[in-house]
Amino acid sequence: MRKLPTIILLFVSSLALAQTYSSKTVIAKAPSYPKNPLPEEFTTYSVASLPVRGIDVLSNEAIAATLDFQSFEYVTSGESPTFYVSLKPSDSHITKNVSINSDESISYQVKTKMTVKVLVTDPTFKKIIYTRPYKLEDRIENPSSPQQSSLVNKKKDTDFNYEKKGTISREKAAEYITFSDNGKKFRLTDKFLKDILSVQYERLLIKVGEDLRNKFDYRLIDSNEMFFRVKKVDEEAESEVMISELNALFGGVQNIEDYNALGDKLNSLISFHENVASKYSPEDKKQKKVVWAANYNLAKLYRIKRDYVKAKEYIKEAKALDVKNARTQYEFDAIVREADKYDAFFDENGNRKDIELNYSEVKSTGSGSALADGGEETSREELEKYNIIAKPGYVLDDKGKKILEGKITIEFGGTKTKKVLDMDKGVTVEEPSTDYAKEVEVRYEKKGKEKTKTFKPKDEVAFCISETNDCYEGFKIKQSLLDATALSFGSNAKFYLVNHKTEKVTIYQNLTSDGGYVIKLNKEDKGHKLKTSMSTLDFNKKLADVLGKCKDLKTRLRDGEFKNTYEDLVKVADMYSECRK
């Protein structure tokens, strides 16, 4: 009689371990949404590339093949493209060495450096949609193989160094090198030079293509998706079939249109998992993993259907079960990021949004062409639009007491430059200055004489403009260790415009070229920068870290509930202030 309960307990324990799941990878496809969508009428493009050292090293067709867009068709310039990808390669810096060996063979070594500036423009080349210079890591080609060596210098953001070296017979040397002055001088043959520059340019264009596709191309990419089969339950056999069905469905997907047609074909799989999730109880330890697997799979299926509201609901259910937390969090982050990109591209009915481009005008040296001039110009008025020049106002100390009245001047932007050392070239060059919003000048009268006093953020003052009642406060921004090291030779303290002040937290607008907003707890002396380009996921995570003392709000932030908009930022600040009363 004493052994019977023991046997029953062992039997129950066995069941608890038996009802579980196993993972299976499905070879799938997934849409890749552009970070900077172009208007829907942008369907064709052409390529314009300047020569490298006077040599047309790659044809426009070859460049287009490397860019490899899916949602834009390449056409020639005579076919009225809707936009251009213009490329300005630098004059490649070449060093070369040749030596004649004892057996009369010739050893050579050629090193080159090159960068390329890319401009995405309108068909007139006068309006710039996007521009960026591209540089790559140092790379060496193995002379015994045309493939790139695994030896890579990890130094980032340097000019692309390409090295070609080898040993050739005297008879074959004419294909590579031309000697003159009785062998005292030599130069590379035109064909060899073009071959080297072509390889170097093409490798740069691989990086260019990756970036431009990420920025603008709506495309289908390969994706390995993990699903979970339930085991040791009535639905095990059907769960096994599900994996085969998914692989078969994705096997027929070749383009975005095929992917869009998947939605209705997933309904039976969704019904199956909804039945499993409702049939079993998460309160039962024997069944908890089965419920988790069903909810996890439902989140992925609704993500494929692009019903991100449902996908978030089910992945939150999976998170609450505390099973495979790392895997669940990974899928949650993927859903939030994908939903963010989808919402920027499509409206709630699944239609493409109307996109209005903010063009930059070309900084012209006479031609008015972006390809020839390769620059862009922000007007002086735009740079200086937030500047305050001799406006009546007053200064407050850290207790809010008025300490000075007068005419206030402060610059938030302008055309000032600063000299910096170009480490690659060893010369001093000029760059746009970032030294704005760091001091405010107040002119006032005292005993009939005009005087001037300057305040900096470290003085712990605020100032206000009488006409608008706008007030500005100065403080530092909290930095990561890496950023703090970079700023070790200067302060990042600036004045920021007060936009929304609550009892516990304040939102500021950054009026310098960095833009965005800053949130600061009123009892702390440093703020936290929030860029307008932050994803919904990063926006929520940042605020969850800053406002973590309010547990309910922190949970909602970790669930990615709020958009990176000023309206939602205000909502979060108000909720935090109410929570912390």
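The values are calculated or read from the model by the stated rules, or taken from the named source; none is laboratory data. Because the structure is predicted, anything quoted here is derived from the model rather than measured. Cβ: placed from backbone, ideal geometry, glycine included. Neighbour counts: every protein chain shown. Quick note on the areas: whole protein, heavy atoms, side chains included, nothing else; ligands and nucleic acids left out. Shrake-Rupley method; radii C 1.70, N 1.55, O 1.52, S 1.80 Å.
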Task: Accessible area (Å², per residue) of the chain, counting only protein heavy atoms and a probe of 1.4 Å - done: 56 Å²
Task: Residue-by-residue Karplus 3J(HN,Hα) for segment 112-125, coefficients 6.51, -1.76, 1.60, Hz, glycine and proline x - done: 10, 10, 7, 10, 9, 9, 10, 10, 9, 10, 6, x, 8, 6
TODO: Could you look at the chain and say what percent of its accessible area is carbon and sulfur, using a 1.4 Å probe and all protein chains?
DONE: 47 percent
Open item on the list: Can you return the lysines within cross-link range of Lys191? Criterion is Cα-Cα under 17 Å, with same-chain partners fewer than 8 residues away left out.
Closed with: Lys96, Lys111, Lys164, Lys165, Lys172
TODO: Determine ³J(HN,Hα), in whole Hz, for all residues of segment 331-339 in sequence, where each value follows from phi through the Karplus function 6.51 cos²θ - 1.76 cosθ + 1.60 and θ = phi - 60°; x replaces Gly and Pro.
DONE: 5, 4, 4, 5, 5, 5, 5, 5, 4
Task: Listed residue pairs exceeding 28 Å between alpha carbons, taken from Lys453/Lys531; Lys391/Lys449; Lys117/Lys300; Lys418/Lys453 - done: Lys453/Lys531; Lys117/Lys300
Task: Amide H partners (placed H, <5 Å) of Leu404, local residues excluded - done: Val395
- [ ] Report, ordered by chain and residue number, the aspartates and glutamates lying within cross-link reach of Lys529, taken as a straight Cα distance under 13 Å and ignoring same-chain residues fewer than 8 apart.
- [x] Asp483, Asp514, Asp538, Asp545
Open item on the list: For Cα pairs less than 8 Å apart in space and 6+ apart in sequence, what is the mean separation divided by the residue count of segment 268-369, i.e. the relative contact order in percent?
Closed with: 17 percent
- [ ] Report, by chain and number, residues whose modeled amide H sits under 5 Å from the one on Ser49, excluding near sequence neighbours (fewer than 5 apart, same chain).
- [x] Leu87
Open item on the list: Taking 8 Å as the Cα distance limit and 6 or more residues as the minimum spacing, I'd like the relative contact order of the chain as a percentage.
Closed with: 11 percent
Task: Exposure rank, largest accessible area first [Cys550, Cys471; 1.4 Å] - done: Cys471, Cys550
- [ ] Enumerate by residue number the chymotrypsin sites (Phe, Trp or Tyr not before Pro) in segment 164-235 meeting two conditions: DSSP loop (anything except H, G, I, E, B), and at most 12 other Cβ atoms within 10 Å of the site's Cβ.
- [x] none
Open item on the list: Heavy atoms only, 1.4 Å probe, whole protein assembly: order Tyr162, Tyr342 by accessible area, highest first.
Closed with: Tyr342, Tyr162
TODO: Filter the cross-link list Lys504/Lys542; Lys29/Lys194; Lys231/Lys551; Lys402/Lys526 down to pairs whose alpha-carbon distance in this structure exceeds 29 Å.
DONE: Lys29/Lys194; Lys231/Lys551
Task: For Ile27, net neighbour charge (Lys/Arg +1, Asp/Glu -1) across residues whose Cβ lies under 10 Å away - done: -1
- [ ] Calculate one ³J(HN,Hα) per residue across segment 519-531 by plugging θ = phi - 60° into the Karplus curve 6.51 cos²θ - 1.76 cosθ + 1.60, and present them in order as whole Hz with x for glycine and proline.
- [x] 10, 9, 5, 4, 8, 9, 9, 10, x, 10, 7, 10, 7
Task: Greater than 32 Å apart at Cα, pairs in Lys127/Lys501; Lys113/Lys478; Lys305/Lys541; Lys476/Lys581 - done: Lys127/Lys501; Lys113/Lys478
Open item on the list: Can you report the principal axis dimensions of the chain using only the alpha carbons, biggest first, rounded to whole angstrom?
Closed with: 108, 92, 53
Open item on the list: With n ≥ 4 as the cut-off for DSSP H runs, can you work out [θ] at 222 nm for the chain, using -39500 (n - 2.57) per run divided by the number of residues, rounded to the nearest 500?
Closed with: -10000 deg cm²/dmol
